[in-house]
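Input: a single structure, listed below in structure tokens.
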Amino acid sequence: MARRRMALLLALMLLLSGCWSRLEINDLGLVMGMAVDVGEEAPVRVTLYFARGRGQTEDSNPAGGAPVWVATREAENLADAMREIALASARRISLHHMQVVLLGDEYARSGIGDLLDFLARHPQIRLNMRPMVVRGRAQTVLETVPLLKSLQPQNLVAILEAKGGVDWRLKNFLVARVSDSHSGWMHALRVVDRPGGTPGSPPTAAELDGAALFLGDRLVALMDARLAQALSWLLATPRNSVISAPCPEDRSKSFSVTIDKASREIEPIWSSAGLRIRVGVEALVDLTRLECRDSILEEGRRQRLEEQLSEDVVSRFEGAVELFQANGVDPAGFGHRVKLRYPASWRSIAPRWSDIWREVPVEISAKLTIHQPGLLLEPAHKTEQEMHQAE
Amino acid sequence: MDRTLRISGGLYACLLLNNLQAAMLLYLPATLIKHAGQSVWLAMLLGGALTMLIGLVMAWSGSQFGRLSPVQAARQALGKPAGSLLGLLFALLLFWIFCLVLRSLQDFTVMILLQGSPVTVITGVMAAAILYAVWSGIEPMARLAFSVTLFLAGAVISLPPALLREYHILQLEPILYTPIHSVLTATMISLPWFGEIVAFFALIPYLSRPQQVYRWTLTGVGGATFCLVLVIQLCTLVMGPVLPSRMLFPTYVVLQTISLGEFFQRIEVILVVVWISSMFVKATLLLYTSSEAAAQAIGLRSHRPAAVAMAVGAVVLIQIWPGVLQMVNYGLSDQYRWAAFGMEMLLLFLFGLVAVLLRRQGGGKAHG
């Protein structure tokens, strides 16, 4: 009996060796990032960013020593473009390690439903990768040499992480895409010239530049970094965000704070007068820079700085909400708050929310408190009071 | 059956827990969430409560059989022809569920884990491994179930904190937002899967303390329900109430999103191995119980020849579905749902009848 068992086990071992569908690491082309643009000769242009292993980057390699291979092809659709790249790749394309997908703004405006379906359907792609919209061609970002990381996709992810605030990924976009109570958005990027760089440093760099707003699967507006801060605050704690505001008495000068702790309250109110939404934001901030000649030890003067900051924050929020309403998009989920507060009423307005939202009054209030002055109690320069005393 | 073999109540509960939750976590979450939205927890709780009732009826009936297997009890109470027929019916249902489980394992492995491997080889190897476990008998299977349950409990309990960064208010629905009739529909969909508890008629005679069968049945069903509620609800908390309903394997996608501090990633493989082990336990139990019932119904001395025939038959039979879509279409069709649940309830009724008859005759006597 024992012999028979042993024979069976040995037979199983032959089958369980795991060699049948093996894929050696040397046979894989690891894609770290993908860019999708409108093509020039075909509808879609796909660019894949391959990380090249140590053995591939030696000087003896005719392709040179670059740690990456950026391959671009145009085709009728995404799958065909990927196949075209596969025909030029000596390694099997693997999307397991893809960290970012970049969309050119022109492509994003034409609708990204096909891309979303491809990404969500592909078994190798994880939903926690980051989608971003690029002002201009997305391909250029992957062709730009990263500054503080060796691979551009890692560089972009690291920028998002270092920035802090809302962590918005493919999963979040897909949730928004199928939701009736909020719409999708993505971080926006741009490529900037760096004429003043040190010798040998890359002439261009990719940087975050606000947010891209979607209605359904189409890009409808790009918002600048200042307004995007409000969106970030509406969705998560904007810790480490920097806010600069003009000085109360001399608007040519300014001061800056960093958000330490923040909260926001979004309260929909449905009364006989209709629906309105009240947004209240509060934050404890650290003073990082002060051009104004105000003494922050004096409560009255500090209050004026805080009021100035609060006004600035309110204007950012108002600008963001205005942009949302003008485009009928709701990336911050105001509709979702209505749904949570008034579920029964929501059912009747859900199909028309995009239109209703354009007309909903939003009242915004902000209260920012300076609680950390850095290492100075008074400005490093003379205060207004000291100047008067000197006179 | 070998009447010298015994398993404790705890091992019985472990087998029950693995048997109820494993397959449901693969194919059911999308359909349940599609109907019940974020109220899926309520649908699962109702399903669990009904299963407890079914389990209690089963436990009472089974405990009337004494040390007889359900087929032996049926042959004693109804006479050999009718009892054997009932035994064959029982074996047929369990064998068909075994086929579905094996096919689920095949699809998941080939699509997600070992892409490119030939289907027949994968399925053949799995069937051989299951057969090997069945060959060894009930006790090793139960001990395997115990160790799998420990890992499963660890995995399930660690999921909510591991997914902490994935929760967002935009993914929440108002409480009980889904209409109650949709919740009940989801419960109905889950019933045939919960109804597979009737397989445990075959395990009750092996219990070392049969008087504790009620307690351990409730423990097993309760554990499985807790596991199902937690994991399926997590799918909706992480991906909202709509997105997971469009996915083939939403639980796997949720596991894929686990990322602790951007460095501790890709741990879904560990969790999937635990879950596949759970499926393996279920498949093993189903092949064992079906082969034992078939062997007793046709008068074989051992379940092993029947187990070999059934394992080979299953590997061939499950290839009738050309792909996973056809399999899902079948497994979630109204036709299958009502046929399976109807058959499960019919067996519950018939074995209940056997129990009543045996009770009148003065209880089950152990003979072959």
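The values are calculated or read from the model by the stated rules, or taken from the named source; none is laboratory data. From a predicted model like this one, the values you see are computed outputs, not experimental measurements. Cβ: placed from backbone, ideal geometry, glycine included. Neighbour counts: every protein chain shown. These area figures cover heavy atoms from the full protein model, side chains too; ligands, DNA and RNA do not enter into them. Shrake-Rupley method; radii C 1.70, N 1.55, O 1.52, S 1.80 Å.
Pairs meeting the criteria (first residue in the stretch A:337-350 and part of a loop (DSSP other than H, G, I, E, B), second residue open to solvent by 40 Å² or more (accessible area, probe 1.4 Å), beta carbons under 9 Å, at least 6 apart or on different chains) are A:Y342/A:W270. No other residue among A:S94, A:S89 is surrounded by fewer than 21 Cβ atoms within 10 Å (Cβ to Cβ), over 23 Å from the mean Cα position of the chain (by Cα), within 14 Å of chain B (Cβ to nearest Cβ) and of a type in the set (G, A, S) apart from A:S94. Counting the residues of the stretch A:145-181 that are at the interface with another protein chain (Cβ under 10 Å from one of its Cβ atoms) and farther than 23 Å from A:G111 by Cβ gives 5.
Among the residues making up the stretch A:302-324, those that are open to solvent by 50 Å² or more (accessible area, probe 1.4 Å) and farther than 13 Å from A:H371 by Cα are A:R304, A:E307, A:E311, A:E318, A:E322. Please verify whether A:S232 is modelled with pLDDT of 90 or more, within 30 Å of A:W346 (Cα to Cα), among the polar types (S, T, N, Q) and touching a Gly at 6+ places or on another chain (Cβ under 6 Å), treating the condition exactly as stated. In short, yes.
Here's the yes/no breakdown for (1) under 30 Å from B:L170 (Cβ atoms); (2) open to solvent by 20 Å² or more (accessible area, probe 1.4 Å); (3) assigned to a loop (DSSP other than H, G, I, E, B); (4) not β-branched (V, I, T):
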| position | (1), (2), (3), (4) |
| --- | --- |
| A:P199 | no, yes, yes, yes |
| A:L208 | yes, yes, no, yes |
| A:L213 | yes, no, no, yes |
| A:L222 | yes, yes, no, yes |
| A:A228 | yes, no, no, yes |
| A:P238 | yes, no, yes, yes |
| A:S244 | yes, yes, no, yes |
| A:E249 | no, yes, yes, yes |
| A:K261 | yes, yes, no, yes |
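Of all residues in the stretch B:323-351, those that are without any contact (Cβ under 8 Å) to a residue 60 or more places away in the chain have Cβ atoms under 7 Å from Cβ atoms of residues that are open to solvent by less than 50 Å² (accessible area, probe 1.4 Å) and not in a helix (DSSP H, G or I), 6 or more apart or on another chain, in B:Y330/B:W321.
The listed residues are B:L287, B:L271, B:L260, and the only one of them that is in contact (Cβ under 8 Å) with a residue 24 or more places away in the chain and within 13 Å of chain A (Cβ to nearest Cβ) turns out to be B:L260.
Determine, yes or no, whether A:Q124 is more than 14 Å from every other protein chain (Cβ to nearest Cβ), polar (S, T, N, Q), over 30 Å from A:I349 (Cα atoms) and out of contact with any Lys or Arg (no Cβ under 6 Å at 6 or more places or on another chain). No: the conditions fail for A:Q124.
When you look at B:A91, is it within 30 Å of B:W321 (Cα to Cα), modelled with pLDDT of 95 or more, open to solvent by less than 30 Å² (accessible area, probe 1.4 Å) and part of a helix (DSSP H, G or I), yes or no? Taking the combined requirement at face value, the residue satisfies it.
Listed here are the residues, each with its yes/no results for (1) touching a residue at least 60 places away in the same chain (Cβ under 8 Å); (2) more than 14 Å from every other protein chain (Cβ to nearest Cβ).
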site: A:T258; (1), (2): no, yes
site: A:R264; (1), (2): no, no
site: A:R276; (1), (2): yes, yes
site: A:L290; (1), (2): yes, yes
site: A:I296; (1), (2): yes, yes
site: A:G300; (1), (2): no, yes
site: A:S310; (1), (2): no, yes
site: A:L323; (1), (2): yes, yes
site: A:A332; (1), (2): yes, no
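Specify the residue that is farthest from the other protein chains (Cβ to nearest Cβ); the eligible residues are those in the stretch B:232-254 that are hydrophobic (A, V, I, L, M, F, W, C) and more than 21 Å from the chain's Cα centre (by Cα). Within the stretch B:232-254, the match that is farthest from the other protein chains (Cβ to nearest Cβ) is B:L237.
The single condition from (1) more than 14 Å from chain B (Cβ to nearest Cβ); (2) outside any helix (DSSP H, G or I); (3) hydrophobic (A, V, I, L, M, F, W, C) that A:L142 fails is (2). The residue pairs whose first member lies in the stretch A:46-70 and is open to solvent by less than 40 Å² (accessible area, probe 1.4 Å), whose second member is modelled with pLDDT of 90 or more and of a type in the set (D, E, K, R), and whose beta carbons are closer than 7 Å, counting only pairs six or more residues apart or on different chains, are A:V46/A:R73.
For the stretch A:166-181, the set of residues classified as touching a residue at least 40 places away in the same chain (Cβ under 8 Å), more than 14 Å from A:A236 (Cβ to Cβ) and in contact with a Leu (Cβ under 9 Å, 6 or more places away or on another chain) consists of A:L170, A:K171, A:F173, A:L174, A:A176, A:R177, A:S179, A:S181, listed by residue number.
Can you tell me which of B:R359, B:R301 is assigned to a loop (DSSP other than H, G, I, E, B) and open to solvent by 10 Å² or more (accessible area, probe 1.4 Å)?
Details: B:R359 fails: assigned to a loop (DSSP other than H, G, I, E, B).
Of B:R359, B:R301, the one residue that is assigned to a loop (DSSP other than H, G, I, E, B) and open to solvent by 10 Å² or more (accessible area, probe 1.4 Å) is B:R301.
The condition of being under 20 Å from B:G48 (Cα atoms), surrounded by fewer than 24 Cβ atoms within 10 Å (Cβ to Cβ) and not β-branched (V, I, T) holds for only one of B:R266, B:R215, B:R246, that being B:R215. Just so you know, in the stretch B:158-190 the residues that are open to solvent by less than 50 Å² (accessible area, probe 1.4 Å), of a type outside the set (A, V, I, L, M) and within 14 Å of chain A (Cβ to nearest Cβ) include one that is nearest to B:F264 (Cα to Cα), and it is B:E166. The single condition among (1) away from chain A (no Cβ under 14 Å); (2) at positive phi that B:G137 does not meet is (1).
With respect to the conditions (1) out of contact with any strand residue (DSSP E or B) (no Cβ under 6 Å at 6 or more places or on another chain); (2) under 19 Å from A:L227 (Cα atoms), A:P361 falls short on a single one, namely (1). Close contacts from the stretch B:184-203, counting a first residue that is without any contact (Cβ under 8 Å) to a residue 60 or more places away in the chain and a second that is crowded, with 24+ Cβ neighbours inside 10 Å, with Cβ to Cβ under 8 Å and a gap of 6+ residues or different chains, come to none at all.
Among the residues of the stretch B:111-130, the ones that are free of Cβ contacts under 8 Å to residues at least 40 places away in the same chain, out of contact with any helix residue (DSSP H, G or I) (no Cβ under 6 Å at 6 or more places or on another chain) and β-branched (V, I, T) come to 1 in all.
Quick test for you: out of B:S39, B:S104, pick the one residue that is at pLDDT 95 or above and hydroxyl-bearing (S, T, Y). Every option except B:S39 fails the conditions.
Filter the stretch B:66-88 for residues that are of a type in the set (K, R) and in a helix (DSSP H, G or I) and give the result. Steps first, answer last, please.
At the first step, the residues of the stretch B:66-88 found to be of a type in the set (K, R) are B:67, B:75, B:80.
Residues satisfying the conditions are B:R75, B:K80.
Have a look at B:A133, B:A155 and point out the one that is open to solvent by 10 Å² or more (accessible area, probe 1.4 Å), farther than 30 Å from A:R169 by Cβ, of a type in the set (A, V, I, L, M) and touching a helix residue (DSSP H, G or I) at 6+ places or on another chain (Cβ under 6 Å).
Working: B:A155 fails: farther than 30 Å from A:R169 by Cβ.
Answer to the check: B:A133.
Just one of (1) hydrophobic (A, V, I, L, M, F, W, C); (2) without any contact (Cβ under 8 Å) to a residue 40 or more places away in the chain; (3) part of a helix (DSSP H, G or I) fails for A:I159. It is (2).
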